[in-house]
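Everything below concerns the one structure shown next.
The values are calculated or read from the model by the stated rules, or taken from the named source; none is laboratory data. All values reported here derive from a predicted model rather than from experimental measurement. Counting neighbours? That spans all protein chains shown, and the Cβs are built from the backbone with ideal geometry, glycine included.
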Amino acid sequence: MTNKPAVPTLDHPTFKRVKAAFPGEKFRGTEFRGQSTLVVEPGALHRVMTFLRDECGYNFLSDVVGIDYLNYPAEMPGRFAVAYILCNYDTDDRFFIKVFLDPSIPTDGIEEDPALYLDSVTDLWPGAEWPEREVFDMFGIRFRNHPDLRRILTWEAYPAHPLRKDYPLRGRGEREDYRIVDRTSS
């Protein structure tokens, strides 16, 4: 008996349902180690997520994460990606959604980039509020219609988005500006 490697078939039933529901949209799908990922265009994200919740039963948003593909060895459709992990508790199924974004201005500062916007999914899953704030704070990706989009891990005037790969490993001097508090100063 020989062990042949499994060939990804992209036969997850959700792929077929999404493709049938949105015939004019461009999608890409991948499977890796049994996990299915649907790559969605930014403009279609909210409609697809609504469909996945209402028609496919993905009733839980497990996480929202940001990814920076700067200097990634393979060609990617955009520098940044936002990945959504959905769960359907009725079928015990997981499904990943990924959206790629490409910046239109240099990313070494905190300037607001009109190309780094996505629609918020907090109206579909209220638990997306804090993960979307984390993605905004760390990567500078903003979410339209978010109820409270402000920094969550760094202070409001923080001068950058520290999980961007062009952010210096030692920072830009933020630590040197801290006021040292010792026993005599309290």
Does the stretch 147-166 contain any residue that is modelled with pLDDT of 95 or more and in a strand (DSSP E or B)?
no
Check whether at least one residue in the stretch 55-62 is under 24 Å from V135 (Cβ atoms), small (G, A, S) and under 13 Å from the mean Cα position of the chain (by Cα), and report yes or no.
yes
Only one of A81, A74 is without any contact (Cβ under 8 Å) to a residue 24 or more places away in the chain and either in contact with an Asp or Glu (Cβ under 8 Å, 6 or more places away or on another chain) or surrounded by 17 or more Cβ atoms within 10 Å (Cβ to Cβ) (or both), namely A81
Return the residue satisfying two criteria in turn: it lies in the stretch 128-159 and is surrounded by fewer than 19 Cβ atoms within 10 Å (Cβ to Cβ) and among the hydrophobic types (A, V, I, L, M, F, W, C), and of such residues it is nearest to G43 (Cα to Cα).
L149
